[in-house]
Each structure stands twice: as structure tokens, then as C-alpha cells.
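To keep things clear, I will list the structure first and then write my remarks on it.
The values are calculated or read from the model by the stated rules, or taken from the named source; none is laboratory data. These numbers were taken from a predicted model, which means no experiment stands behind them. Here the Cβ positions follow ideal geometry from the backbone for every residue, glycine too, while neighbour counts run over all protein chains shown.
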Amino acid sequence: MPATARPVKVLVLGPFAVGKTTFVRTVSEIRPLSTEERMTQAGQLVDDLRDLQGKDTTTVAMDFGRLTLSPEIVLYLFGAPGQPRFHGMVRSLMEGALGGLVLVDTRRIDDSFDAMNLLEEAQLPHVVAVNHFDGSPRYRDAELRDSLSLDDQPLVSLDARRAGSAKHGLIALVQHILDHHRRLEHAR
Amino acid sequence: MTPSRHRRAGMIRSYTVSGGDASATRAGLDAATLLLADPARPLAGLAAHPRRVMDLCLPGALSVSEVAAHLELPGAIVKVIVAGLVDSGHLAPRAPFVPAASPYSTDFLMKVLKALEKL
């Protein structure tokens, strides 16, 4: 990595099994330093697995990916675990972050409120991204905005498994922060 | 416990690794902070773990998280080791970009956006 690079930190948040690890893996240029482990019987009692067939691993600490954008910019992606018992860790990860991407599964929309609240509390700019799963219901944007109580935050739709699509989430986030800045400068 | 796919760091207590220190001597070390090693600083006299951190950082900049992952140590412990190396001048930290803290943030954000669109 170039010695002149400046790190930029972005968080990927969302409920359990929404695709945070997949997102980081898709976007990262390094093999993501993931800490996904097979779920134990004990975890199954705590983590709600309804409608989530095929999920037998979970992130136990965090996912971490890197994306070198230019000799002076390196993007770091941190996917933090979705379970509420990790909120303390998410709060410390949010320090010094540019913003966050909240992933949403349309089968469990309300599960993403938690992550949105954490980002709002920290006053970090964020973008809500619907990660489409095969067989998950599709809704119109207006309906989604309404049920997610979004005012001016952007809402994007992506497929965390595809690089081109996942990148859109990051572009929307940077665009959102830029717009916010311009408005602030204008008001000054 | 599930059997690990990784080799565990062994049965060494965290406070042994950190040389007995419980907290980092400097605040502001973030998981995304980049560490730049000074090749002119002598490595002789460093304990095993600080030495391994230097070995990881000398070929190029590396973030605190990556160092932690390579050493298979918790981030908080790595921060203690790194803080010591920063104090002795072995490592120079570069904090993550925060838009509110920089007067040139719009320019920088535009660069990030352009680079992302080009990918």
C-alpha cells in the first residue's frame, strides 16, 4: 500500500444474516479478514433463524476489507456483527468513520432499525441499501421509504454478491455526504 | 466451543503480550489508523510482539485491524503494543479521514467519489 495513503473508514451495518460479510467480501481487494465461525447450538438459542435456511455461520467479531481507490485514498470497510450484544463494539467502530451503509432484507425490514438508530445517535451520515435475496418480496421505493421512515436519506437497492452492484451503495453514501456538506457550506 | 480453523496464538495471557500495560498510552488509535514504520529505527531490543508488528509494517503501510488479524490478537491489545511503538518513534500513525475535521473535505470527498465511479 502506498505510504502516502489516507484511510477512509466506512461501516457496513444491519441485522443478523443480512449480507454484511458478503458485501465486504465482494468489495474488498484483500481476502477479507473475516471472523465468521460456524454457529454453535448455544448461538441458535439466541439468534433467530426463522426464514434463514442455509445460514450456518455467523460473524463473531467483525469483517474487514480494504479497497485502494488511488495512491492517496484507501477505503476500509468494517462489517460489524448485527446482534444487539455487540452494540458497544459498533459504537467504538463508528468513531472516525465517514459514514455507514445499512443493509435491509425485505423479509425483515424492521430488523434494520437498530442499525439505523445507532448511526443516527452517532450523527453519522448513512445510506439504506436493500440487499435483494432470491425469493424475497419486492416493494416499490415509496412503500419502502414509508416503512423505513426515511426522510432525506437515500435508499438504494443492490445485490451484495455482485461487485458492480455493491459499489453503488458506496457511491450513494459518498454522494449523500457530499450533498450534506454542500448544503452546510451554502448555509454558512 | 467450535474447533478453530486458525492456529490459536497459544495460552499466553494478553497482559504478557502487552508487557503488562492495560491501556494504550495514546488515545486516537483507530481500527482503521494506518501505521507507517520508520526503517531507520533499530529493531534490536524490541520484545517479540512489537518486533512482529514492525515486521508487518516495514514493507508498507498497514492498518491496526490488519495487524491484529495477522497476529491473531484482539484489537485492544494491538493498540497497546502500537502505542508503545509510536511513543518510541518506530511507527507513525495516520488517522482516518473525517470530513468535519478537514477544511478541504469537499475536494477529498469528490476524489473518493470519482475513484469509486471509475472502478
Boolean, B:ILE81 is among the hydrophobic types (A, V, I, L, M, F, W, C) and at pLDDT below 85: no
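Looking only at helices (runs of 4 or more DSSP H) that lie completely in segment B:56-119, which have at least 3 residues being over 30 Å from A:HIS181 (Cα atoms)?
B:64-71, B:75-87
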Matching residues, segment B:80-110, being more than 11 Å from chain A (Cβ to nearest Cβ) and charged (D, E, K, R): B:ASP87
Matching residues, segment A:142-165, being more than 22 Å from A:ASP110 (Cα to Cα) and buried (at least 17 other Cβ atoms within 10 Å of the Cβ): A:SER165
Residue in segment B:59-76 that is in contact with an Asp or Glu (Cβ under 8 Å, 6 or more places away or on another chain) and farther than 19 Å from A:LEU75 by Cβ present: no
Residue match in segment B:46-59 (condition: at pLDDT below 95, more than 14 Å from every other protein chain (Cβ to nearest Cβ), at positive phi and loosely packed, with under 13 Cβ neighbours inside 10 Å): no
Total residues in segment B:44-55, condition in a loop (DSSP other than H, G, I, E, B) and in contact (Cβ under 8 Å) with a residue 40 or more places away in the chain: 1
Within segment A:164-173, considering residues that are within 8 Å of chain B (Cβ to nearest Cβ) and touching a residue at least 24 places away in the same chain (Cβ under 8 Å), the one farthest from A:VAL8 (Cα to Cα): A:LYS167
Index of the failed condition, A:GLN153 passing every other in (1) at pLDDT below 90; (2) under 18 Å from A:ASP63 (Cβ atoms): (2)
Failed condition for A:LEU77, given (1) surrounded by fewer than 17 Cβ atoms within 10 Å (Cβ to Cβ); (2) not in a loop (DSSP other than H, G, I, E, B): (1)
Check on B:ASP38, acidic (Asp, Glu), surrounded by 14 or more Cβ atoms within 10 Å (Cβ to Cβ), under 17 Å from the mean Cα position of the chain (by Cα) and at pLDDT 90 or above: yes
